[in-house]
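Worksheet for the structure shown next.
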Amino acid sequence: MTIKQKTSLFTHRRMSSAMAIAATGAVALGLLLAGLFDNAVAQENNLPNIYGVWVEQDVAPYAADRFEIRPEGVFVGGRQVNTQYQWDGSKLEYLKGETRYSYSFVSGRLIRQSPAHYTSSFARQTLLIEQTH
C-alpha cells in the first residue's frame, strides 16, 4: 500500500508540473498575440502612409537627396540602409550608419530636423503610369 501512495504522489507532482508548464505557455502565447494585436491596431489607427520615394524639394534635381520607405526598411540609392525605422504619424526617425535622421511630418511633407545642415523639405514622388489600351 505504501508503494501505491508514493507512485500516486509522484504522478500527482508530474501532472501539476505539466499543468504549470501549460499555463505558463498559454500566458506567454496570450502576451505574444496581444503584442501582435497592438501592432495591428496601431497600423489601423489611420497613421499617414509614408511608403514611397521621398525627394528633396527646392533644390536642383541633380543635387536633391532622396530616400525610400518600404515595409522592409529604409533605402537610399537603391540600397537598404536600415531595416528599422520609427514612425508615430508625426515623426520619422532612422539610422543611416552612425547618423540619426529625423523628420517631422507637416502638410504631407517630411521636414528634415537632423542632421540639420539646412532646412530641407521632402515630398513623396508621384509615379506616372502609362496606360495602354
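The values are calculated or read from the model by the stated rules, or taken from the named source; none is laboratory data. What you are looking at is a predicted structure, and each value in this text was computed from that prediction instead of being measured. When we count neighbours, we look across all protein chains shown, and the Cβ atoms used for this are built from the backbone with ideal geometry, even at glycine.
Among residues of the range 45-57 that are within 18 Å of E72 (Cβ to Cβ) and without any contact (Cβ under 8 Å) to a residue 40 or more places away in the chain, those with a beta-carbon under 8 Å from a residue that is of a type in the set (K, R) and in a strand (DSSP E or B) at least six positions away or on a different chain give the pairs Y51/R70.
The conditions of being surrounded by 10 or more Cβ atoms within 10 Å (Cβ to Cβ), of a type outside the set (G, A, S) and modelled with pLDDT under 95 are not met by F75. Among the residues of the range 42-86, those that are polar (S, T, N, Q) and in a loop (DSSP other than H, G, I, E, B) comprise N45, N46, N49, Q57, T83, Q84.
Of all residues in the range 81-93, those satisfying the criterion of being among the hydroxyl-bearing types (S, T, Y) and within 11 Å of the chain's Cα centre (by Cα) are T83, Y85.
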